Structure formats: structure tokens, C-alpha cells
Amino acid sequence: LLDAELTLKLPQTITAATGMDALTHAIESYTSKTATPMSQAMALHAIRMIGRHLPKAYYAGTDLESRDAMLTASMIAGAAFAQSRLGNVHAISHTLGGVFNIPHGIANATLLPFVMQFNRPACPERMSDIAAALGRNVSGLDVEEASELAVEAVVELNRRLSIPDNIKALGVNLDMLPKLVEDSMRSGNVWINPRLTSPKDIETIIRNAYEGILA
């Protein structure tokens with residue numbers, strides 16, 4: 001049951017966190033190794049809807065149309081990842097949430113650009129599709145250039161939603177890094193992430209996200 005009127009009084013922080021959680025579901029579903037044509041169609045549609053409606057739901061929270069669209073997009077993204085599962089963002093964010101009590105959607109949002117950057121070499125065509133779905137003009141660009149725009153679009157969306165651009169600002173302490181890597185690697189989401197991922201890769205993603213380095 002999706003009743004947008006129940007969401008009209010959500011604080012901006014919750015709107016941002018839940019909206020970016022839904023976007024992470026859609027992006028990770030679209031790029032998952034176990035994605036299907038059906039799950040990808042739903043995921044890409046959800047990405048388009050969220051890119052179009054999340055800013056308005058955040059800035060004009062009583063706008064019923066944008067609230068309704070976000071509920072629908074969240075449901076569609078959920079239906080997509082129910083088929084495909086997710087990826088490294090969720091593998092790491094579940095760990096950060098458990099260790100540092102970081103809200104799940106905020107952890108996802110902050111990690112998402114760093115994992116997308118890591119994954120780009122493995123799925124540039126899919127990243128190009130994501131860039132277009134988020135409103136970037138990819139006409140005339142090769143897939144590598146277009147895939148960069150997908151990461152840029154998420155960085156810009158996070159900025160508009162006042163979400164930190166690094167996990168240090170969320171309270172992450174790198175003294176816990178070995179545990180963070182070990183716990184993240186336990187997640188089944190690592191194995192369906194589009195790019196093969198080792199414990200060293202997880203460590204690098206966490207370090208980059210801590211420093212805010214998109215490398």
C-alpha cells in the first residue's frame with residue numbers, strides 16, 4: 001500500500017536518506033551480475049523517477065506528486081533488487097551501520113559514488129545508461145566518458161540533499177578497518193557486484209570514501 005499522504009511530514013533528512021536508499025537499490029540492481037532484462041527494466045525506470053522527483057520531494061516536501069512518485073519508484077526498485085540482489089555499497093553500508101550506528105540510507109548515499117567509480121571499468125555501458133536516466137546528456141560521448149557522468153550525477157544529487165561526501169563525516173573510525181573489511185566480505189552482495197572484489201578492494205573503497213577521493 002503506497003499512500004503518499006503519510007509521507008508529507010517527513011523531515012528532509014529522512015526524505016534524503018530513504019530516497020537515496022531507493023536510488024542505491026535501483027543502481028546496484030541494474031549493475032548486478034545476476035540482473036535480468038526484467039529487473040533491469042524496472043531498475044532503470046526507478047532511477048529515472050528518483051532523479052526527477054527526489055529533489056522536489058526534498059525541497060518541497062508537501063508536493064504530493066513528487067512524494068507519490070518517490071513511493072512508486074522505491075517499490076519498483078525493491079521489486080528489481082528482489083530479483084537481482086545488490087552489490088558492494090550494501091555490503092559495506094550494512095557493516096558501517098552495525099559498527100557505527102550510521103543510518104542505512106545515509107551510509108548508502110555516501111558510499112555510492114565511490115563504489116560506482118570502482119565498478120565503472122566492469123560495466124561502463126550500464127553506467128552510461130544510468131547517467132542518461134539521471135538526466136545527463138551522453139550524446140556524442142563514448143561509454144567511458146558517459147559512465148563518468150553517472151558518478152558525477154550521484155555526487156551532485158548528494159550535494160543537493162546535504163549528504164556528506166565522505167564517511168569520516170559520518171563518524172567512521174579507520175581503527176576498525178580490519179573488522180570493516182572482514183564483515184563486508186561476509187556479505188553475499190560482494191559476489192554479485194559487477195566488478196570482482198577482493199578484501200584489498202574493500203579496504204581501498206573504504207579508505208577512498210573516508211578521504212573523499214574518487215579514484
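Quick note: the coordinates plus some simple rules give every number you see, no bench work behind them. Note that the coordinates shown come from a computational prediction; the quantities given were computed from them, not determined experimentally. Cβ coordinates were reconstructed from backbone atoms using ideal geometry, including for glycine residues, and neighbour counts include every protein chain displayed.
Annotations
- 14 Å beta-carbon shell around residue 180, net charge (K/R +1, D/E -1): 0
- Electrostatic tally near residue 167: other residues with Cβ closer than 14 Å to its Cβ, Lys and Arg +1, Asp and Glu -1, net -2.
- Highest average first, the peptides 112-125, 85-98 ordered by how many other beta carbon atoms sit within 10 Å of their residues are 85-98, 112-125.
- Placing unit charges on the Cβ atoms only, positive for Lys and Arg and negative for Asp and Glu, gives region 96-191 a dipole magnitude near 360 debye about its Cα centre.
- Within region 138-177, the proportion of C-alpha pairs whose separation exceeds 11 Å stands at 70%.
- Within the chain, the ratio Rg/Rh, alpha carbon atoms throughout and Rh by Kirkwood, equals 0.95.
- For residue 55, net neighbour charge (Lys/Arg +1, Asp/Glu -1) across residues whose Cβ lies under 14 Å away: +3
- Annotation: lysines with alpha-carbon distance below 23 angstrom to residue 9 (same-chain offsets under eight excluded): 56.
- Listed by chain and number, the lysines whose C-alpha is less than 22 Å from the C-alpha of residue 200, apart from same-chain residues fewer than 8 away, are 33, 168, 179.
- Debye intensity ratio in log₁₀ form over the Cα atoms of region 1-63, taken at each q of 0.15, 0.18, 0.21 Å⁻¹: -0.50, -0.68, -0.84
- Two-decimal Rg to Rh for region 97-215 - Kirkwood Rh, Cα set: 0.98
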